[in-house]
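Since the structure comes first, as structure tokens, the remarks are kept for the end.
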Amino acid sequence: MKSLYRSTSNRKLSGVLGGLSDYLGMDASLLRILFVILGVFTAFLPLAIIYVAWIFLVPEESEVH
């Protein structure tokens, strides 16, 4: 069963996109690029709020496994 977590090994800031890429089964670099492109079109505020909420709501990989 897949579990959603923040990655401890595939991280640039807090592991949010690294963990999401593991969960979705896609490349983390591609997800980061899509995140930045989407952020440009939404003025980053909605994505920044979601990113910060994700940091507090989703456990780290070491807490899940």
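The values are calculated or read from the model by the stated rules, or taken from the named source; none is laboratory data. Computed from a predicted model, the values in this text were never measured in an experiment. Cβ: placed from backbone, ideal geometry, glycine included. Neighbour counts: every protein chain shown. Heads up: the accessible areas ignore ligands, DNA and RNA and are worked out on the full protein's heavy atoms, side chains in. Shrake-Rupley method; radii C 1.70, N 1.55, O 1.52, S 1.80 Å.
Backbone N atoms of segment 1-21 closer than 20 Å to the 7 Å Cα→Cβ label point of Leu34 belong to residues 2-8, 10-21.
Please tell me the relative contact order of the chain in percent, rounded to the nearest whole number, where contacts are Cα pairs under 8 Å and at least six residues apart.
On the way: 65 pairs, mean separation 25.5, N = 65.
So the answer I get is 39 percent.
Could you work out [θ]222 nm for the chain from helices alone, using -39500 (n - 2.57) per DSSP H run of at least four and dividing by all its residues? Round to the nearest 500 deg cm²/dmol.
Details: 4 runs with 40 residues, N = 65.
So the calculated ellipticity at 222 nm is -18000 deg cm²/dmol.
With θ taken as phi - 60° and the Karplus curve 6.51 cos²θ - 1.76 cosθ + 1.60 applied, the whole-hertz 3J(HN,Hα) list for segment 55-63 is 4, 8, 8, 9, x, 6, 4, 5, 7 Hz, x standing for glycine and proline.
For the chain, the fraction of 1.4 Å probe accessible surface lying on carbon and sulfur atoms is 70 percent.
Measuring with a 1.4 Å probe in the full set of protein chains, what accessible area per residue, in whole Å², belongs to the chain? Mind showing how you got there, number by number?
Numbers: 4460 Å² over 65 residues.
The answer is 69 Å² per residue.
Mind ordering 37-43, 18-24 by average Cβ neighbours within 10 Å, highest first?
Numbers: 37-43: 10.7, 18-24: 19.0.
Put in order of decreasing packing, that is 18-24, 37-43.
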